[in-house]
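Okay, so here's the structure we're looking at.
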Amino acid sequence: ALSALLKSSALINSSLQISDVLDSAMKVAEEFMEAEASSVLELDEETGDIIFRLARGKKGGFVGTKRLKLGEGIAGSVIQNGRPMIVEDVEKERRFSDRFDKETGFKTRSLICVPLFIREKTIGALQVINKKNGGPFTEEDLDLLTALAQQIAVALDNAKLYERLEESFKLTAEELKATQQKLIRSERLAALANLVQGVSHEVRNPIMSIGGFAARMKAGLGKKHKFHRYLDIILQETSKLEKLVKDVKELAGMHTAYLQPANMNNLLFTAIENFSPALSQRSIHLETDIEEGLPPITVDKAQIVRALKNIVQNSVEAMPSGGTLKLRAREVDSHIQIVIEDSGIGIDEYELDSILEPFVTSKTTGAGLGLTMVYQIVMNHHGEIDIKSRGGRGTKVTLDLPLNLQSQMEG
């Protein structure tokens, strides 16, 4: 199920062409469940009807043109009450509607259907029909389809947003590309968060067991034993994996932010105090230009400090022989703009487009999640991040945080 989910996640995150996304994802579901047909249904907010966004299978072309009433059939019931259903024999289920079977000659024997949710609101359903071997759908099938539904719901919601942007504004090709990249990145992070919730516990426990047993074996063997260095390698690699799981889980937890009024001058000085020792150790000179009396801003204090720490950490690693780090902050057009600029080794231009993606890094150490976390934090604050760099010429990171956010718990 995990391999199928990872495969579908990669396909879903590869495009904003929603028809291709849905077809690829449901094809994976059919292959995993060995099913004959599947469909993606969506609630039309204007008419209240249920439409087919996708219908796969021998009669998919016919069914795809039809509509359902809310509450009609299994899919209509699932969308109406927001609860998944596994039907082993449709002839014994009173809520099953055979209208389409009669019109097409297709024979539905069994099915599984799960709702699609966005912000606790049901927007549609996924449905898979008939195991090829005639058997019933399983709880494992339900788990996969439920996880897939989370990803598809985000993809549908983002596709609608993209369509509205395209209709409402005459965006230039460059602006469209930037918006598309942002939406795809949001889908990837949402999918990663969903995946982490399901597998982090399953991965972390075996890693800890391997590390623990390796440590006991090392303690029981003499230092000159031939297996000693192999055990050291096992311990080093399990430690890396434990940190990776911890970092990914922390990134998944960054999808919510506790916003409250803050004094940005104090917040910046707190952040500077946190990373000043690391700068001193590397002989890095810090230059600050922070506007006095910056206006109050609504932020998650811990997240902003973490974002600044991650950016500075990258700068420190980019200046192994010392250098200069500049930090500027000022009010610009109802935003607080924070600029962090270093004189380090820089980032090659071809890497800039993907530098905010998870697991993308030009460094030899680390998982490549630091700037991904910064990006998520900035998105939590409805802000913008811009990174400019050239190989060998340093890097400049600019954060723009709006001043008009209201105090709230964001989720």
Arrange the peptides 332-342, 34-44 so that the one whose residues have, on average, the most other Cβ atoms within 10 Å appears first. 34-44, 332-342
Average projection area in nm² (convex hull over Cα atoms of the stretch 257-410, one quarter of hull surface): 8.6 nm²
I'd like the Karplus ³J(HN,Hα) series for the stretch 333-343: coefficients 6.51, -1.76, 1.60, θ = phi - 60°, whole numbers in Hz, and an x wherever there's a Gly or Pro. 6, 6, 10, 9, 9, 10, 10, 10, 10, 10, 9
Sorting 321, 335, 394 by the position of each Cα along the dipole of the stretch 257-410 (Lys, Arg +1; Asp, Glu -1; all at Cβ), the one nearest the positive end of that ordering is 321
Restrict the search to the stretch 210-313; then list the trypsin sites (Lys or Arg not before Pro) that DSSP places in a loop and that have at most 10 other Cβ atoms within 10 Å of their Cβ. 223, 224, 226
Calc'd 3J(HN,Hα), the stretch 223-235, phi into Karplus 6.51 cos²θ - 1.76 cosθ + 1.60 (θ = phi - 60°), Hz, glycine/Pro = x, comes to 5, 8, 5, 5, 8, 4, 6, 5, 5, 4, 5, 4, 5
Candidates per trypsin sites (Lys or Arg not before Pro) in the stretch 122-166, loop by DSSP, up to 12 other Cβ within 10 Å: 132
Calculated from backbone phi, Karplus (6.51, -1.76, 1.60) coupling profile of the stretch 268-275 in Hz, x at Gly/Pro: 5, 5, 4, 4, 4, 4, 5, 9
Check residue 284: other-chain or 5+ apart residues with amide H under 5 Å from its amide H, H built from backbone geometry? 323
Neighbour cut-off at most 10 other Cβ (10 Å), DSSP loop, trypsin sites (Lys or Arg not before Pro), the stretch 13-105: 94
Calculate the dipole size of the stretch 2-168 relative to its Cα centre from +1 charges on Lys and Arg beta carbons and -1 charges on Asp and Glu beta carbons; express the result in debye to the nearest 20. 360 debye
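Rule-based calculations on the coordinates, nothing more; no lab input. All values reported here derive from a predicted model rather than from experimental measurement. Glycine gets a Cβ as well: all are built from the backbone with ideal geometry, and neighbour counts include every protein chain shown.
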